[in-house]
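Engineer: Take this structure first; my questions come after.
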Amino acid sequence: MHVRAVAVATTALLGVALTAPLSHARTDEAGGDGPTVVAHRGASGYAPENTLAAVDKAAELGIRWVENDVQRTRDGELVVLHDESLQRTTDVEEVFPDRSPWKVKDFTAEEIARLDAGSWFGPEYAGARVPTLEQYVHRLERNHQKLLLELKSPALYPGIEQQTLKVLANEGWLDRRHVAGHLVVQSFDADSIRTVHQLKPAVKTGFLGTPAVSELPAYAEFADQINPSHDSLSASYVSSVHAFKGPHGRPLEVQTWTVNDADTARRVADYDVDGIITNKPDVVRDAVG
């Protein structure tokens with residue numbers, strides 16, 4: 001990453017950014033004050049993560065924002081899965097016993113489509129499949145849900161930024177309505193997020209991590225959100241992030257992860273975070289909503 005170098009070149013932004021108001025008003029989707037609740041890999045506390053069943057469970061709970069992870073198969077298809085390996089959340093060891101270490105990038109889309117991605121979670125989910133990105137966004141659209149999309153390990157998949165944007169465009173997710181309020185693309189890789197911003201400046205982006213406050217001017221050039229782990233947060237850090245304006249001229253936002261209990265949800269809400277990413281969105285919603 002070249003963030004430190006960019007930070008040096010952009011320290012002049014500090015004077016402008018610090019003129020932003022220190023208070024950061026938020027409004028949730030129901031019209032009240034409070035952080036947005038985001039279902040992590042779908043409602044993954046109640047259904048197998050990153051499956052369509054987890055999307056539907058989030059919808060059943062009334063949760064509109066869903067987070068997911070995208071990777072690429074050996075033959076170039078984009079699929080929704082968190083781990084680089086298929087081992088933990090599918091029956092790949094049984095279906096392909098001689099293909100260790102069962103990396104996503106070593107299997108074709110057709111091979112992955114044969115795998116059971118639900119039985120590990122519970123027998124009622126037997127037969128659930130690893131969805132393609134197209135299938136995933138179709139289900140979100142049907143459920144009137146919104147997407148926080150993580151580019152997972154983009155260094156493994158050169159060009160995945162452009163490919164992901166192409167799929168989203170083909171499925172209607174880069175029109176004005178979606179870009180304005182239905183889509184955020186995030187990653188732990190700053191260069192990847194910078195690439196997304198350069199390719200499609202209208203798309204809202206997020207960086208996963210907790211950059212030093214001194215580095216925030218650099219991130220503010222290409223990221224609209226700074227999305228840290230909840231155990232790395234403090235009220236002062238959130239306030240510092242909010243003091244900077246992102247590439248679309250609005251204060252940087254903070255969405256924190258992964259919060260699954262009411263006490264932690266209330267703690268980070270008191271820090272004035274904009275969103276809380278959680279496996280149990282009903283628990284967090286009831287705690288802070």
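Engineer: Between 52, 78, 86, which is under 20 Å from residue 278 (Cα atoms), of a type outside the set (Phe, Trp, Tyr) and crowded, with 20+ Cβ neighbours inside 10 Å?
Structural biologist: One residue alone meets the criteria, 52.
Engineer: Same structure again: Can you go through 201, 211 and tell me which one is assigned to a loop (DSSP other than H, G, I, E, B) and touching a helix residue (DSSP H, G or I) at 6+ places or on another chain (Cβ under 6 Å)?
Structural biologist: So the residue among 201, 211 that is assigned to a loop (DSSP other than H, G, I, E, B) and touching a helix residue (DSSP H, G or I) at 6+ places or on another chain (Cβ under 6 Å) is 211.
Engineer: Restricting the search to segment 109-154, which residues are in contact with a Gly (Cβ under 9 Å, 6 or more places away or on another chain) and hydroxyl-bearing (Ser, Thr, Tyr)?
Structural biologist: Passing the criteria: 119, 125.
Engineer: I've got another one for you. Mind checking which residues of segment 218-237 are assigned to a helix (DSSP H, G or I) and surrounded by fewer than 23 Cβ atoms within 10 Å (Cβ to Cβ)?
Structural biologist: Answer for segment 218-237, where residues must be assigned to a helix (DSSP H, G or I) and surrounded by fewer than 23 Cβ atoms within 10 Å (Cβ to Cβ): 230, 231, 232, 235, 236, 237.
Engineer: Might you check whether a residue that is at pLDDT 95 or above and closer than 15 Å to residue 35 by Cα occurs anywhere in segment 203-222?
Structural biologist: No; the residues of segment 203-222 include none that is at pLDDT 95 or above and closer than 15 Å to residue 35 by Cα.
Engineer: Checking residue 97 against (1) touching a helix residue (DSSP H, G or I) at 6+ places or on another chain (Cβ under 7 Å); (2) surrounded by fewer than 18 Cβ atoms within 10 Å (Cβ to Cβ), which single condition isn't satisfied?
Structural biologist: Going through (1) touching a helix residue (DSSP H, G or I) at 6+ places or on another chain (Cβ under 7 Å); (2) surrounded by fewer than 18 Cβ atoms within 10 Å (Cβ to Cβ) one by one, residue 97 breaks only (1).
Engineer: OK, next. Please go through segment 43-87 and pick out each residue that is small (Gly, Ala, Ser) and more than 16 Å from residue 122 (Cα to Cα).
Structural biologist: Those that are small (Gly, Ala, Ser) and more than 16 Å from residue 122 (Cα to Cα): 58, 59, 62, 76, 85.
Engineer: Please go through segment 235-289 and pick out each residue that is touching a Leu at 6+ places or on another chain (Cβ under 8 Å) and among the acidic types (Asp, Glu).
Structural biologist: 282
Engineer: Just to be sure I understand the filter: pairs with C-beta atoms under 6 Å, separated by 6 or more residues or on different chains, first member in segment 44-68 and under 13 Å from residue 147 (Cβ atoms), second member of a type outside the set (S, T, N, Q) and at pLDDT below 95. Which pairs pass?
Structural biologist: Qualifying pairs under 6 Å: 64/29.
Engineer: If you take the residues of segment 100-123 that are among the acidic types (Asp, Glu) and within 23 Å of residue 138 (Cβ to Cβ), which of them is surrounded by the fewest Cβ atoms within 10 Å (Cβ to Cβ)?
Structural biologist: Taking the candidates together, the pick is 110.
Engineer: Restricting the first residue to segment 149-170 and requiring it to be closer than 14 Å to residue 193 by Cβ, which pairs with a second residue that is surrounded by fewer than 17 Cβ atoms within 10 Å (Cβ to Cβ) and of a type in the set (Gly, Ala, Ser) meet a Cβ separation below 7 Å and a spacing of at least six or different chains?
Structural biologist: none
Engineer: Residue 267: surrounded by 23 or more Cβ atoms within 10 Å (Cβ to Cβ) and among the basic types (Lys, Arg), yes or no?
Structural biologist: Considered against the rule, which asks whether it is surrounded by 23 or more Cβ atoms within 10 Å (Cβ to Cβ) and among the basic types (Lys, Arg), residue 267 comes out as no.
Engineer: Criterion first (in contact with a strand residue (DSSP E or B) (Cβ under 6 Å, 6 or more places away or on another chain) and either in contact (Cβ under 8 Å) with a residue 60 or more places away in the chain or over 24 Å from residue 52 (Cα atoms) (or both)) does residue 143 satisfy it?
Structural biologist: Judged against the criteria, residue 143 is not a match.
Engineer: With the requirement that a residue be farther than 18 Å from residue 148 by Cα and either part of a helix (DSSP H, G or I) or in contact with a Cys (Cβ under 8 Å, 6 or more places away or on another chain) (or both), what does segment 243-281 give you?
Structural biologist: Matches in segment 243-281: 262, 263, 264, 265, 266, 267, 268, 269, 270.
The values are calculated or read from the model by the stated rules, or taken from the named source; none is laboratory data. Quantities reported herein were computed from a predicted structural model and do not represent experimental measurements. Using ideal geometry, Cβ is built from the backbone for each residue, glycine included, and neighbour counts are taken over all protein chains shown.
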